[in-house]
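The numbers here are math on the coordinates, done by the rules we state, and not lab data. The structure presented is a predicted model; accordingly, all values stated were derived computationally and were not measured. Heads up, the Cβs are rebuilt from the backbone with ideal geometry, glycines too, and the neighbour counts pull from every protein chain shown.
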Amino acid sequence: MVTRLSLALLPSEAALLRADCYIVVDALRATTTLATIFSRGALDLWVADEMGLARELAVQHDAVLVGEVGGLRPDGFTFGNSPAEIEAGQPIERAVMFTTNGTRALCSAAQRGVTFAGALVNASAVASAVQGFAHVALVCAGESGGQRFALEDFAAAAAVARRLIRAGQQTGYDDATRIAIASDDSRSREWMADAEHAEALRRLGLEQDVAFASRPDVVSCAPRVVEAGSGWARLRDASA
């Protein structure tokens, strides 16, 4: 049962937390895309903190490459970091993902302990999956390589926190969690749409991804790290 919640506004804050479980949130778009890939039937998905390593892992595991640099699909990648594109495409059995912020945050958290990938789209699924842990830390991936606060990540993390509180008997929160749980799902959707990064994605013609990521609980998958090494982590769907 979850009895304590912490919320790290940047990955660097998570390094100061000793939690039983970490939920990394990069709502626009890495963890949203991750959850969507598993909803399309994926069995395994690797994340990497460097582009070159991602390419090596894709060859090693005969997996498709998914990701972005500057918001756009890199050369040689089968899919961009686009949940809308994944949802509309063919099912993926194995994938390797590299993104500017989210995959780095996931790889970092995986070195500290049990790690899940959360977003607004799978907020309830992730909240259900972590019920066996006492201290859960929500980790916002942020922008600029994890150095700047991202409103959309806070919005999605807040949604997960609210669901954990409804399901559990929490006795302790940190200050960021107290602010987060004072909101509701309507406010989370507004924050997602109004976020600076959401506007940047719209300028790139990726407004469908913003709309997709702003829908609560449309995905029932809870991606969990099952193996990790230097610069990489492998995830599977814990709800399967």
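Model label sites at Arg215 and Arg18, defined 7 Å from Cα along the beta-carbon direction, differ in position by 4.3 nm. Sorted fewest first by neighbouring Cβ atoms within 10 angstrom, Leu5, Leu34 come out as Leu5, Leu34.
Among the chymotrypsin sites (Phe, Trp or Tyr not before Pro) found in the range 104-152, those both in a DSSP coil and sparsely packed, with 15 or fewer other Cβ atoms within 10 Å of their Cβ, are Phe149. A simple packing score, the average count of other Cβ atoms within 10 Å per residue, orders the peptides 191-197, 216-222, 151-157 as 151-157, 216-222, 191-197, with the highest score first. Relative to one another, the C-alpha centroids of the range 1-73 and the range 132-198 are positioned 16 Å apart.
For the chain, the dipole from Cβ point charges (+1 on Lys and Arg, -1 on Asp and Glu) about the Cα centre works out to 540 debye, to the nearest 20. Farthest towards the positive end of the charge dipole of the chain, among the residues Val210, Ala228, Met51, is the Cα of Ala228, using unit charges on the Cβ of Lys, Arg, Asp and Glu. The angle separating the long axis of helix 151-167 from the principal Cα axis of greatest extent in the chain is about 50 degrees. Rounded to the nearest 500, the helix-only mean residue ellipticity at 222 nm of the chain stands at -11000 deg cm²/dmol, with each DSSP H run of n ≥ 4 adding -39,500 (n - 2.57).
DSSP beta bridges confined to the chain are antiparallel in about 35 percent of cases. One chain, two ends: Ser144 and Glu87. Fully extended at 0.36 nm per residue, the span grows by 17.9 nm beyond their Cα-Cα distance.
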